[in-house]
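Read through the structure below, which is laid out as structure tokens, and then see the notes.
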Amino acid sequence: MGFRDFQREQTDYFAYFRAGHASSWSKRKRREAIHNLEFPRRRPTHWPGFGPPPARPGRNTFKAPAPYAKAQEDGKQESPSSGVQRRAKRLERLLAQEGMRFEKVLGWGGFGMACLFSMAGGGGGGGGGGGGGQQEKVVVKIELEARGTLEMERRNYELMRNAHHVLHVYNLAAEEAIEESDLAAGGLFLEFMERGTLEKWIVKMAKERKTFGDRALWNMFDCLARGLVALAYPGKDWKVEESAMVCQESPSDPMVHFDIDPTNILVGGFGTFGLRVHGNVPIHKVGDLGLGEIYNSRVRRDTQKVWYARQSGKPYLYTPEQFTEEWDWHAGAPAADGAPTAGNYRDPMNLWQMGWIMYALITLCWPNEKREPFVWTSQVFDRSVRDATYGGDLLYSGRYDDTDQDLRKLVAQCLYHSPMSRPTLKELEIAIKTKLRSTSLDKTEEETRAWARRFYGEPERRPRPAAAPGPARERWNMGAQPPIRFGGAARARFGKVFSNESVLDLQRLQKRRADEDHRPVIRRQPQPRRFWRE
């Protein structure tokens with residue numbers, strides 16, 4: 001299939017998508033229509049835009065969204081297949097030699113799986129809970145087919161290693177054991193978030209037939225906004241916390257995530273992370289950077305790259321930059337032709353998807369399959385904006401009037417069609433900070449804190465015996481010096497991890513972050529199986 005045929009196929013699919021029939025689209029059934037499709041369109045000469053809004057919008061203007069639910073409803077969780085179980089058993093035996101104990105399979109798919117492991121903590125000294133028998137947990141993600149996605153995900157996590165609101169990747173010695181085996185095409189060691197995905201808590205609230213309080217929602221939005229700032233400035237050294245206010249320039253090389261949804265937001269614990277206290281709600285972090293890409297002005301002019309990225313991510317969270325009808329008039333890269341929305345893959349895309357997460361937290365519902373653009377004029381900070389928003393039901397349906405009006409208005413602005421109409425990260429941060437300092441919210445900080453302790457509770461902690469010592473192996477530990485020699489394959493795979501520069505970076509990070517309770521403290525250890533302590 002030629003590239004022009006691919007463009008026609010995409011154009012036909014997204015016409016179905018905008019009509020709310022994407023689930024019924026079939027390439028086989030639409031083959032003749034795709035072949036005869038006029039592309040690019042000639043009449044009219046450009047995209048006409050949206051029509052005027054209804055004179056009196058109300059409850060009947062917007063279709064009620066479906067209540068939030070997931071496939072594993074009511075605890076009926078699908079069991080891993082026999083193939084996944086065999087892989088998990090082999091991974092368990094392999095990492096047992098590295099002093100790691102298998103806990104459970106967290107998830108799996110057609111190309112990989114993620115398992116939870118525990119290992120001995122960092123031994124004596126000032127660790128919380130002290131004692132070498134303390135078990136630390138880590139997520140091991142393996143790729144079952146050589147597709148290169150884990151390498152891209154690793155690179156993205158390395159760019160985010162100084163961020164507090166993005167998951168952390170660990171460079172552990174056991175990674176080499178996976179690479180040397182025939183079990184998987186690659187492995188990744190990730191931070192474990194003890195309270196699971198945000199989806200879990202949305203479903204819990206929906207089942208209780210209650211709603212999140214206003215202050216809790218604002219606190220969560222503040223936490224999620226920090227993750228957006230980290231994605232907008234990859235590689236930046238955040239000494240205190242992620243804040244757009246300390247950045248002089250607008251993001252020029254942002255990481256576009258493409259897959260921000262409640263299953264990829266992970267919920268951790270309460271406490272101090274960096275220099276920021278999370279007392280009212282637990283910390284929320286952005287995870288799963290496998291689809292993330294750096295998009296600067298040069299990449300946005302790459303015709304094939306931007307067209308192939310139109311269907312990156314989950315269909316129900318495609319952004320206007322991906323599904324807008326504006327694409328139909330551009331055979332090349334739309335941004336290079338001056339299109340305001342189509343193909344403008346920048347940091348406002350992340351904001352739009354995060355807006356849908358806030359929409360789910362407010363409504364406890366999925367977005368409808370058919371998008372309902374509603375032309376709305378609002379004041380975004382110090383500028384007046386008139387554009388179509390996909391959050392009109394938050395404002396005019398009357399279903400969510402119990403939620404703070406300023407929050408609903410801000411979320412609707414995040415869901416504006418054009419990326420230039422949405423709030424900037426600085427405007428978003430100012431709006432959130434201003435509201436959290438006000439006295440007009442439903443609960444005080446003390447009341448919100450007490451509610452959060454009841455709602456989130458304490459994660460289950462099962463005491464486990466210390467892992468039996470395995471046979472000694474010569475592996476590189478996080479705090480040890482790199483090996484003097486390693487082969488060409490290992491050099492190609494681990495060159496950055498084993499470099500002296502990397503070791504110096506780890507030593508520098510240890511000195512600066514030794515007081516943080518959410519990151520591993522990197523120390524020189526005499527025992528290769530002791531990796532870090534709290």
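Keeping every protein chain in place, order D288, D382, D401 by accessible area at 1.4 Å, biggest value first, i.e. largest first. Can you show the working numbers first?
Numbers: D288 50, D382 120, D401 90 Å².
From most accessible down to least: D382, D401, D288.
Would you mind classifying segment 150-242 by shape? Square roots of the alpha carbon gyration tensor eigenvalues, ordered a ≥ b ≥ c; an a/c under 1.5 is rounded, otherwise it is prolate if a/b is larger than b/c and oblate if not.
On the way: a/c = 3.38, a/b = 1.55, b/c = 2.18.
Oblate shape, in that a/c is at least 1.5 and b/c is the bigger or equal ratio.
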Notebook entry, point to check: So if we plug the beta-carbon distance of L106 and K433 into 1/(1 + (r/R0)^6) with R0 = 45 Å, what FRET efficiency do we get, rounded to 0.05?
Noted result: 0.80
Margin query: Give the residue list of GluC sites (Glu not before Pro) in segment 200-294 that are DSSP loop and have at most 10 other beta-carbon atoms within 10 angstrom.
Written below: E208, E249
Item checked: Relative contact order computed over segment 334-424 (Cα-Cα under 8 Å; 6+ residues apart), in percent -> 31 percent
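So how much slack lies between S297 and K210, counting 0.36 nm per residue of separation and subtracting their Cα-Cα distance, in nm? Can you show the working numbers first?
On the way: separation 87, 0.36 × 87 = 31.32 nm, distance 4.46 nm.
Gain in length upon complete extension: 26.9 nm.
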Note to self: Output wanted: per-residue J couplings in Hz (rounded whole) for segment 222-229, from phi through Karplus 6.51 cos²θ - 1.76 cosθ + 1.60, θ = phi - 60°, x for Gly and Pro.
What the structure shows: 4, 5, 5, 5, 5, x, 5, 5
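Hey, what's segment 218-340 come to in accessible area per residue, 1.4 Å probe, Å²?
Values: 3920 Å² over 123 residues.
I get 32 Å² per residue for this part.
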Note to self: With unit charges on the beta carbons (Lys and Arg positive, Asp and Glu negative) and the dipole taken about the Cα centre of segment 156-205, which residue among V166, V203, A177 sits farthest to the positive side?
What the structure shows: V203
Notebook entry, point to check: Once amide H atoms are built 1.01 Å from N in the peptide plane, which residues 5 or more positions from L106, or in another chain, come under 5 Å H to H?
Noted result: A114, C115, L116
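Pop the C-beta distance of A19 and Q97 into the FRET formula with R0 = 56 Å and round what comes out to the nearest 0.05. Don't skip to the end; give the middle numbers.
Working: r = 55 Å, r/R0 = 0.99.
Calculated value: 0.50.
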Checklist line | Karplus 3J(HN,Hα) series, Hz, for segment 164-171 with 6.51 cos²θ - 1.76 cosθ + 1.60 (x for Gly, Pro) | finding: 8, 10, 10, 3, 9, 9, 10, 9
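The values are calculated or read from the model by the stated rules, or taken from the named source; none is laboratory data. Quick caveat: nothing in here was measured; it's all calculated off a predicted structure. Methodologically, a virtual Cβ is constructed for each residue, glycine included, from the backbone with ideal geometry; neighbour enumeration extends over all protein chains shown. Protein only, heavy atoms only, side chains kept; ligands, DNA and RNA dropped before computing areas. Shrake-Rupley method; radii C 1.70, N 1.55, O 1.52, S 1.80 Å.
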